[in-house]
Each structure stands twice: as structure tokens, then as C-alpha cells.
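Shown next, in C-alpha cells, is the structure this report addresses.
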Amino acid sequence: MGDVMKTVILYLKYLGIFMLFIIGMGLISSLISLLGINSVLVSKIAIILTAISFFIVSALASNKTSDKGYILGIKMGGIFVLFLVLVNLIIFRSSFNLDRFIYYIILICSSILGGSFGKNIKIKKLAR
């Protein structure tokens, strides 16, 4: 049971880091929007920043674990996407459509790539 609690706490830690990235991304998007840039461009920038945050958090998480990088990326991406789906359904009352599904698939793929990248960096550090 101790290992399960450590894993849950680790995932909650990375969920917190992800939340900080999302808040930062929201602030950056708001500042860009205040500059008078087109809202379509701001939404594209927000998508890119969210994918980057998935990549970074999964890379950090896979660097600290013994799981395979892509497996951890799938787990972390799944947790983050589930969190985003719940927030969108409960707080924003947005509907679930094909565009949103593709967006979530892109985010999970970014997380998988981040997990693999973070694991490879760990292997290269050990080889030196």
C-alpha cells in the first residue's frame, strides 16, 4: 500500500505542476489577447502552449520513474485529459465534439512524446 500512495502522491504533484502551466498559459493568452491580436491566433497559441505543457510535465515525470516513458506518457496524458474534460463539462458547460476529441488526442500524443523524451534523457545521463 505504501507504493500505491507514493504513486498517487507523485501523480498529484505532477497534476499540480500541470495546473501551474495551465494558469501561466491562461495569463499569457490573456496578455496576448489584450494586445489586440486576433482571437483565432490566440486560441492556436493556447493549443500549442497546452501541448508544450503536456510534453514538459510528462518529460519531468518520466525522468523520475522506472516505468517505460511512453506508458507513463499515456498515464499522465490520460489523467490530464480527464481533468480537462471534467473542467470543461462542469465549469464551462462545453459540449464534447469531434474538434475537442482531436484536441485531446493531440495532447495525449504530446504527453507520450514527452514521456519518451524524458526517459531517453535519463538513459543518456546514466551512460555518461
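The numbers here are math on the coordinates, done by the rules we state, and not lab data. None of these values were measured; they are calculated from a predicted model. Methodologically, a virtual Cβ is constructed for each residue, glycine included, from the backbone with ideal geometry; neighbour enumeration extends over all protein chains shown.
Annotations for the structure displayed:
- Some residue of region 92-113 being touching a residue at least 24 places away in the same chain (Cβ under 8 Å), on the phi < 0 side of the Ramachandran plot and of a type in the set (Lys, Arg): no
- Test: residue in region 78-94 that is assigned to a helix (DSSP H, G or I) and basic (Lys, Arg): no
- Among the residues making up region 8-23, those that are over 13 Å from PHE83 (Cβ atoms), free of Cβ contacts under 8 Å to residues at least 24 places away in the same chain and more than 12 Å from the chain's Cα centre (by Cα) are VAL8, ILE9, LYS13, ILE23.
- Restricting region 61-78 to residues that are in contact (Cβ under 8 Å) with a residue 40 or more places away in the chain and crowded, with 24+ Cβ neighbours inside 10 Å, the residue that is nearest to ILE112 (Cα to Cα): GLY73
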